[in-house]
Amino acid sequence: MTDVLAGVTVLEVADWGFVPSAATVLGDWGARVIKIEHPRHGDPIRGLVTGGMIPGASGRNFFVEQLGRNKRSVGIDLAHAAGREILERLLPRVDVFLTSFLDPARERLRLRWEDLRPLNPRLVYARGHGQGRRGPDANRGGYDAVSFWSRGGIADRYSTPGQPLLQQRPAFGDFIGGMALAGGVAAALFRRERSGLGGEVDVSLLGTAMWVLSPDIVAALMYGFMLPSAGAMPPPPNPLVGTYLCADGKGLVLMMLQAERFWPVFAPAIGRADLLERWPTPQSRAEQASAIRDELSAWFATRPRSAWEELLRSSECIWGPVQTPLDLPADPQVGANGYLLEAMHPEGPVRLCANPVQFDGAPPPVRSPAAEVGAHTEELLLELGYDWEAIARFKDLAVVS
């Protein structure tokens, strides 16, 4: 049973990647998700491909396909009185309200918790934003590259001192924060089942970054100095930890932190039992760690990675290949566990990434692919009891699409 949130209705009033990704997760878990978009231009993330912001990309918008599955798109202008009327008719049927709007917009549109609670006291109101709900920058916009990657300290810890800061991958912080927000919503729904009370859920990109980086932050506060950044990290003293290049230039990562447990397994697995004879004691291996690392580097460089994978896979060693996004579909673990999903379009199937949470041993299904702006507006309005005459009037007023 993958639809653990079946019967839950989520209303998404949010743009870009962070909060919409939380709605995607909730939809994967079985919730009925309704995404309200502006009737004319929709969520601005729809323009990232067609607007040329992603060089070389064309055709389908990969962000929209990944974020838009299992959602109905409804085009409503919430700034119009008639749009507000539709919202107020819809809200009592909703369990969760998700928004990314800042305080000024939420106040102007009357979308704050205190505005919506009288319409639905059992509502779970979830908000995602950049820097937190309090403080001098609470109402400042914040994309993940700013609030998560840069301000949250992650760019600094991954970059090399004295070199330009590394840039994050698209929506990297958004999707991590979205998982946190979805988890918070699920917890709030559980509380509501016990108490009957709705409530607020709040997640910021800055707070998410600090959680992700918490080992570095706690260590710095505890010891009074920062751990080395990723770009300045010295070679680990344990040769069974680190990256080795193979004959075909592909990387292989070893991660056997308990060196003395794994040396008797690792050395024979790679055909080098002689290493145990040359360095027979833990002390000798510790003293000659650099020489052992050089020996392993030269040995791994003699064969392609596939050969080493075959040898290591039959052992207890802990290792993994360094893969690209194009490598992942061929990874046997990806296929076996359903980590790639398929959405069926009239133009052909689209492969998407599943969220990492599975229930009862099954990946989440894609019940419906991403929809165009307003594709379900008429359908929803009919469900709310409006007739075709009323729908035509809304369209004449440009309230809906």
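For the chain, what does the helix formula give at 222 nm: sum of -39500 (n - 2.57) over DSSP H segments with n ≥ 4, over the residue count, nearest 500 deg cm²/dmol?
It lands at -10500 deg cm²/dmol.
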task: Scan around GLY132 for amide H atoms under 5 Å from its own, H built in the peptide plane at 1.01 Å from N, and keep only partners 5 or more places away or cross-chain.
output: LEU205, LEU206
- line: Fewest-first ordering of HIS38, HIS129 by Cβ atoms within 10 Å yields HIS38, HIS129
query: Loop-only check: which chymotrypsin sites (Phe, Trp or Tyr not before Pro) in the stretch 213-274 are DSSP coil with at most 15 other Cβ within 10 angstrom?
result: PHE225
- line: Residue span ALA219 to ASP360: 0.36 nm per residue of separation minus Cα-Cα distance leaves a gain in nm of 47.0 nm
message: Positive end of the dipole of the stretch 235-321, charges at C-beta (+1 Lys, Arg; -1 Asp, Glu), about the Cα centre: which of VAL241, PRO282, GLY320 has its Cα farthest in that direction?
response: GLY320
Cut-off under 5 Å, modelled amide H: who pairs with GLU37 long-range: VAL74, GLY75, ILE76
message: Take the chain, mark every one of the trypsin sites (Lys or Arg not before Pro) that falls in a DSSP loop and has at most 11 other Cβ within 10 Å, then report the longest stretch left between them, sites excluded.
response: 135-401
- line: Bounding extents of the chain in its principal axis frame from Cα atoms, largest first in Å, are 86, 51, 46
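Cut-off is 10 Å between beta-carbons; in what order do GLU309, GLU342 appear when sorted fewest neighbours first? Working shown, then result.
Details: GLU309 16, GLU342 12.
Placing the least packed residue first, the sequence is GLU342, GLU309.
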query: Residue by residue through the stretch 124-135, which ³J(HN,Hα) values in whole Hz follow from phi under the Karplus form 6.51 cos²θ - 1.76 cosθ + 1.60 (θ = phi - 60°), with glycine and proline marked x?
result: 9, 9, 10, 10, x, 7, x, 10, x, 7, 10, x
- prompt: Which cross-chain or sequence-distant (5 or more) residues have an amide H under 5 Å from the amide H of CYS353, H modelled 1.01 Å from N in plane?
  reply: LEU341
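Less than 15 Å Cβ to Cβ from GLU372, Lys/Arg counted +1 and Asp/Glu -1: what total charge do the surrounding residues give?
Working: positive: LYS35, ARG40, ARG46, ARG60, ARG69, LYS71, ARG72; negative: GLU37, ASP43, GLU65, GLU347, GLU378, GLU379.
Net charge around GLU372: +1.
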- request: Mind putting a number on the dipole of the chain about its Cα centre? Charges go on the C-beta only, +1 for Lys and Arg and -1 for Asp and Glu, and I need it in Debye to the nearest 20.
  value: 560
- prompt: Using a Gaussian network model of the chain with C-alpha springs under 10 Å, which one of TRP149, TRP29, TRP388 is most mobile by mean-square fluctuation?
  reply: TRP388
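Suppose we keep just the DSSP beta bridges with both residues in the chain; what percent of those would be antiparallel, to 5?
Details: 14 of 37 bridges.
Counting DSSP beta bridges with both partners in the chain, the antiparallel share is about 40 percent.
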query: To the nearest Å, what is the center-to-center distance of the stretch 73-125 and the stretch 166-189, using C-alpha atoms only?
result: 22
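So what is the orientation-averaged projected area of the stretch 1-114, using the convex hull of its C-alpha atoms, in nm²? Please list the in-between numbers first.
Details: hull surface 31.9 nm².
Its Cα hull, projected and averaged over all orientations, spans 8.0 nm².
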message: Whole angstrom only: what separates the Cα centroid of the stretch 234-292 from the Cα centroid of the stretch 341-401?
response: 53
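Take PHE148, PHE97, PHE63 and order them by how many other Cβ atoms sit within 10 Å, fewest up front. Provide the component values of the computation, followed by the final result.
Numbers: PHE148 31, PHE97 28, PHE63 24.
Going from sparsest to densest Cβ surroundings: PHE63, PHE97, PHE148.
Hydropathy at least 0.0 by Kyte-Doolittle, axial extent at least 18 angstrom from the Cα trace: which helices of the chain, defined as entire DSSP H runs, fit? Show your work: numbers first, answer last.
Details: long enough: 172-195 (35 Å, 0.51).
Membrane-span-like by this rule: 172-195.
FYI, it's all coordinate maths here, none of it is from the lab. Owing to the predicted nature of the structure, the values given are computational and were not obtained by experimental measurement. All Cβ positions, even for glycine, are placed from backbone atoms using ideal geometry, and neighbour counts span all protein chains on display.
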